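To keep things clear, I will list the structure first and then write my remarks on it.
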Amino acid sequence: MPFAVGSCLDVVVWFNDRALGDGEYLQPQKLHRLLYLAQAYFTVAYPRSKLMPAVFVTDDFGPIEPNVYQAFAYGRPHMLESNALSETASHFLDGLWRRFGNASAEQLTRKVAQHAPVMEAMAKGRGEEIPFDAMVAYCASEAAQRRGAPSVDKVIRPRMLRSQSGKAVAVTSWTPKGVAGR
């Protein structure tokens, strides 16, 4: 499965920069919950691809990406520059931020703690890997139907382009019926 972004650190930098641009300090717990949601929803939105090379494991409060956790254990590390994100990844993260960025770390932790894959992994103990396929399956179906989680259409808003007459039109990628739960 190809990755849209070469490193999860590029996504971390994007979230941190976006939060700073909005005048917010991005708490580590909130960052990890956003990374978790981004990874699962990206594959729901773009089947057969992953947002970033990342693994999520359980911590005392919910899922974390252990490499990001270690890198940011003492604050944001000095990074000379991050890699530019593709338009697809940037557009996706912007939609995810608009949907979940206003939530507090505690709200996101409570929301993610209700995800069946997270509950199952946490029941096994700290450091348990949360299976990627289970994350995606949950966000694609059960969450949207039973827990009130937003569908992928609520996370990713269509891009607005102009028609030949200058009228604003919403543009989404075409996906055949019956693919990836749509």
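Reported count of residues in the range 1-34, each being hydrophobic (A, V, I, L, M, F, W, C) and in a helix (DSSP H, G or I), is 11.
Every residue, every condition in (1) out of contact with any helix residue (DSSP H, G or I) (no Cβ under 6 Å at 6 or more places or on another chain); (2) farther than 17 Å from PRO47 by Cα; (3) at pLDDT 90 or above, yes or no:
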site: ALA73; (1), (2), (3): yes, yes, no
site: HIS91; (1), (2), (3): yes, no, yes
site: ARG147; (1), (2), (3): yes, yes, no
site: VAL155; (1), (2), (3): no, no, no
site: MET160; (1), (2), (3): yes, yes, no
site: GLY181; (1), (2), (3): no, no, no
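Filter the range 35-82 for residues that are assigned to a loop (DSSP other than H, G, I, E, B) and small (Gly, Ala, Ser); which is surrounded by the fewest Cβ atoms within 10 Å (Cβ to Cβ)? Of everything passing the filter in the range 35-82, SER49 is surrounded by the fewest Cβ atoms within 10 Å (Cβ to Cβ).
In this structure, is ARG98 modelled with pLDDT of 65 or more, basic (Lys, Arg) and surrounded by 13 or more Cβ atoms within 10 Å (Cβ to Cβ)? Criteria met by ARG98.
From the list GLU120, GLU106, GLU128, the one residue that fits, being at negative phi, in contact with a strand residue (DSSP E or B) (Cβ under 6 Å, 6 or more places away or on another chain) and modelled with pLDDT of 65 or more, is GLU128. Name every residue in the range 83-93 that is part of a loop (DSSP other than H, G, I, E, B), within 16 Å of the chain's Cα centre (by Cα) and surrounded by fewer than 16 Cβ atoms within 10 Å (Cβ to Cβ), in order of residue number. Of everything in the range 83-93, just one residue is part of a loop (DSSP other than H, G, I, E, B), within 16 Å of the chain's Cα centre (by Cα) and surrounded by fewer than 16 Cβ atoms within 10 Å (Cβ to Cβ), namely SER86. Residues in the range 96-121 that are without any contact (Cβ under 8 Å) to a residue 40 or more places away in the chain and under 12 Å from TYR138 (Cβ atoms): GLN114, HIS115, ALA116, PRO117, MET119, GLU120. Among the residues of the range 19-38, those identified as on the phi < 0 side of the Ramachandran plot and either more than 14 Å from the chain's Cα centre (by Cα) or modelled with pLDDT under 90 (or both) are ALA19, LEU20, GLY21, ASP22, GLU24, TYR25, LEU26, GLN27, PRO28.
Note on the range 1-40: residues that are touching a Phe, Trp or Tyr at 6+ places or on another chain (Cβ under 8 Å) and aromatic (Phe, Trp, Tyr) total 2. Could you say whether any residue in the range 39-57 is modelled with pLDDT under 90, over 17 Å from ALA4 (Cβ atoms) and not small (Gly, Ala, Ser)? Looking through the range 39-57, none of the residues is modelled with pLDDT under 90, over 17 Å from ALA4 (Cβ atoms) and not small (Gly, Ala, Ser).
Of everything in the range 122-141 that's free of Cβ contacts under 8 Å to residues at least 24 places away in the same chain and in a helix (DSSP H, G or I), which residue is farthest from the chain's Cα centre (by Cα)?
Here is the first cut: in the range 122-141, the ones free of Cβ contacts under 8 Å to residues at least 24 places away in the same chain are 123, 131, 133-134, 137.
The next check asks that each one be in a helix (DSSP H, G or I); those that pass are 123, 133-134, 137.
Numbers: ALA123: 23, ASP133: 14, ALA134: 15, ALA137: 14 Å.
Looking at residues that are free of Cβ contacts under 8 Å to residues at least 24 places away in the same chain and in a helix (DSSP H, G or I), I get ALA123.
The values are calculated or read from the model by the stated rules, or taken from the named source; none is laboratory data. Note that the structure is a prediction, hence the values are computed from the model and not measured. Note that each Cβ is placed from the backbone with ideal geometry, even for glycine, and that neighbours are counted across all protein chains shown.
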